[in-house]
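Undergrad: Sharing a structure below in structure tokens format, with a few things to ask.
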Amino acid sequence: MERIGSVTVYFDEDADLSILKDKIIGIIGYGNQGQAWALNLRDSGLNVIVGNIKDKYWDIAVKDGFKVMPISDAVKKADVICLLIPDEIMPEVYKSEIESYLTAGKTLCFASGYNITYGFINPPDYVNVILVAPRMIGKGVRELYKEGRGAPALIAVRDKSKDLELKIALALAKGIGFTRVGAFESSFEEETICDLISEQVMGAITLAALKMSFETAIEAGVRPEIEVLELYVSGEVFEMWKAIFEMGYLEQAKLHSTTSQYGTLTRQEIFSSSEIKDKIKCIVNEIVTGKFAKEWKLEQQATYPVFSKLKELTAKHPIFKAEERVRELLKKRGYIKKLRVMWV
Ligand code: NDP
């Protein structure tokens, strides 16, 4: 293990896969993360079963060679239960198909701290509760494992006095490939807060910036197709973020012209105003206090009126029409390849 700042990072040598050798690992939900975890854990020599509702993901799991069963049956059979269904659905599924089948000594593993942090799921004390939260989409979790590289993850335990919880979290992280790079010690709360901040600040600012850049460029006389190509459809932004990942932000900046560097540095000062920072603080405050989680729960209970409206409205923005036209052309030329989400 290594310490960076106040964070402990665990590696392969800190994890003992043999504690899972005679255990059954139940993957609940065979979606983005579920499929990647199941395949990686099986390739690491562990005994994996899949619990899912009977639809296309069930069929994919069967095709991948797993024993697939209804969720409650998988919970009954498994020693370690990995909850890999969407967070907003999890509390209901937990109540109806998981809770009453939990017995002493079983372990519940979450891939996101959300439901524990906000108290939507309260597992009994006699089960181990751990968090293994990938900092990577499922596709990457699988592909990086196959390349022998792995991806980073955050890990946490509910009860720090239980040695076993950390041991199981580390063993799972090793089986999925996370300890090859580093399993960063965190907490359910920390994982939840930083995850939501990145979605609601970085993600939201990016979407707003794309729309507003597009609108103002068009007003300034740029044609829509040229603007979307510039903004993101060419893939240059993707290469830029790849370079940031490989070289670090400051080194990557040198790949751009000095005009570009000067323009970015001077103009980002305008957006770094206290007015915008205050807006960000409001968003973060709603995350930390649980206000956002309550709002989202109510939205679900009302069958997504705001969410549906905003999706509809966003899809109507002219940027996406222009995107479609340029992407069609680039696809025809073989420049854009279809993203493979499932490995079947
Ligand atoms: P997905 O949206 O890919 O999960 C789909 C799975 O959930 C399918 O097997 C689906 O089965 C099942 N499912 C959907 N609805 C229901 C339901 N009502 N009852 C039972 N099963 C249902 O999930 P992700 O892999 O994206 O997320 C899983 C966990 O991983 C979450 O906690 C998430 O926060 C976390 N995570 C996800 C990341 C990502 O990149 N996606 C990154 C890091 C963490 P079916 O369609 O058959 O109903």
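Undergrad: Amide H to amide H under 5 Å from LEU108: which residues, 5+ apart in sequence or cross-chain, H placed 1.01 Å off N in plane?
TA: Here the answer is ILE81, ASN128, VAL129, ILE130, since their amide H atoms fall under 5 Å of that of LEU108.
Undergrad: Just to confirm my numbers, what's the Cα centroid distance between segment 284-299 and segment 55-117 in Å?
TA: 25 Å
Undergrad: Here's another thing I want to ask about it. From the phi of every residue in segment 122-134, what ³J(HN,Hα) in whole Hz does the Karplus formula 6.51 cos²θ - 1.76 cosθ + 1.60 yield, where θ is phi - 60° and glycine or proline is x?
TA: Each residue's phi maps through the Karplus curve to give 10, x, x, 5, 7, 10, 7, 10, 10, 10, 10, 10, x Hz.
Undergrad: Something else now. How big is the equivalent ellipsoid of segment 231-309 along its three axes, where each semi-axis is √(5λ) from the Cα gyration tensor, reported in whole Å from largest to smallest?
TA: Equivalent ellipsoid semi-axes, largest first: 35, 19, 13 Å.
Undergrad: Which whole-number value in Å³ per residue fits the convex hull of the alpha carbons of segment 189-278?
TA: 136 Å³
Undergrad: Just for the chain, what percent of DSSP beta bridges are antiparallel, to the closest 5?
TA: Bridges in the chain that DSSP calls antiparallel: roughly 30 percent.
Undergrad: On a 1.4 Å probe surface of the protein chains, which of TYR94, TYR118, TYR304 comes out largest in accessible area, and what is the full order?
TA: Descending accessible area places them as TYR304, TYR118, TYR94.
Undergrad: With everything on Cα atoms, drop me the angle between helix 204-219 and the longest principal axis of the chain, reported from 0 to 90° to the nearest 10.
TA: The helix 204-219 is inclined about 20 degrees to the chain.
Undergrad: Could you give the C-alpha radius of gyration of the chain expressed as a fraction of 2.2 N^0.38 Å, taking N as the number of residues it contains?
TA: In units of the 2.2 N^0.38 Å rule of thumb, it is 1.10.
Undergrad: Continuing with the same structure: Work out from phi, with θ = phi - 60° and the Karplus expression 6.51 cos²θ - 1.76 cosθ + 1.60, the ³J(HN,Hα) of each residue of segment 228-245, listed in order in whole Hz, and give x for Gly and Pro.
TA: Listing the rounded values in order: 5, 4, 5, 5, 7, 6, 5, x, 4, 5, 4, 5, 5, 5, 5, 5, 4, 4 Hz.
Undergrad: Spelling out what I want: for every residue of segment 279-289, take phi, set θ = phi - 60°, compute 6.51 cos²θ - 1.76 cosθ + 1.60 (Karplus), and round to whole Hz; glycine and proline get x.
TA: 5, 5, 4, 4, 4, 5, 4, 5, 6, 5, 7
Undergrad: Moving on to the next point. Just to confirm a number: summing +1 for Lys and Arg and -1 for Asp and Glu over residues other than ASP73 whose beta-carbon lies under 13 angstrom from that of ASP73, what do you get?
TA: Taking every Cβ under 13 Å from that of ASP73, the sum is +3.
Undergrad: Next up: Within segment 209-295, which trypsin sites (Lys or Arg not before Pro) sit in a loop by DSSP and count at most 12 neighbouring Cβ atoms inside 10 Å?
TA: For trypsin sites (Lys or Arg not before Pro) across segment 209-295 that sit outside H, G, I, E and B with at most 12 neighbouring Cβ atoms in 10 Å, the list reads LYS254.
Undergrad: Leaving ligands, DNA and RNA out of it, report the carbon-plus-sulfur percent of the accessible area of the chain at a 1.4 Å probe.
TA: Its accessible area is 59 percent carbon and sulfur atoms.
Undergrad: Loop only by DSSP, 15 or fewer other Cβ within 10 Å of the Cβ. Give me the chymotrypsin sites (Phe, Trp or Tyr not before Pro) in segment 269-344 that pass, ordered by residue number.
TA: Taking segment 269-344 and a limit of 15 other Cβ atoms within 10 Å, the loop chymotrypsin sites (Phe, Trp or Tyr not before Pro) found are TYR335, TRP343.
Undergrad: Taking the alpha-carbon set of segment 21-72, what are its Rg and Dmax in Å?
TA: Gyration radius and largest Cα-Cα distance of segment 21-72: 9.9, 30 Å.
Undergrad: For the Cα atoms of the chain, what angle does the longest principal axis make with the long axis of helix 32-43, in degrees from 0 to 90, nearest 10?
TA: 50 degrees
The values are calculated or read from the model by the stated rules, or taken from the named source; none is laboratory data. Owing to the predicted nature of the structure, the values given are computational and were not obtained by experimental measurement. As a convention, Cβ positions derive from the backbone with ideal geometry for all residues, glycine included, and neighbour counts pool all protein chains shown. What goes into the accessible areas is simple: the full protein's heavy atoms, side chains included, and nothing from ligands, DNA or RNA. Shrake-Rupley method; radii C 1.70, N 1.55, O 1.52, S 1.80 Å.
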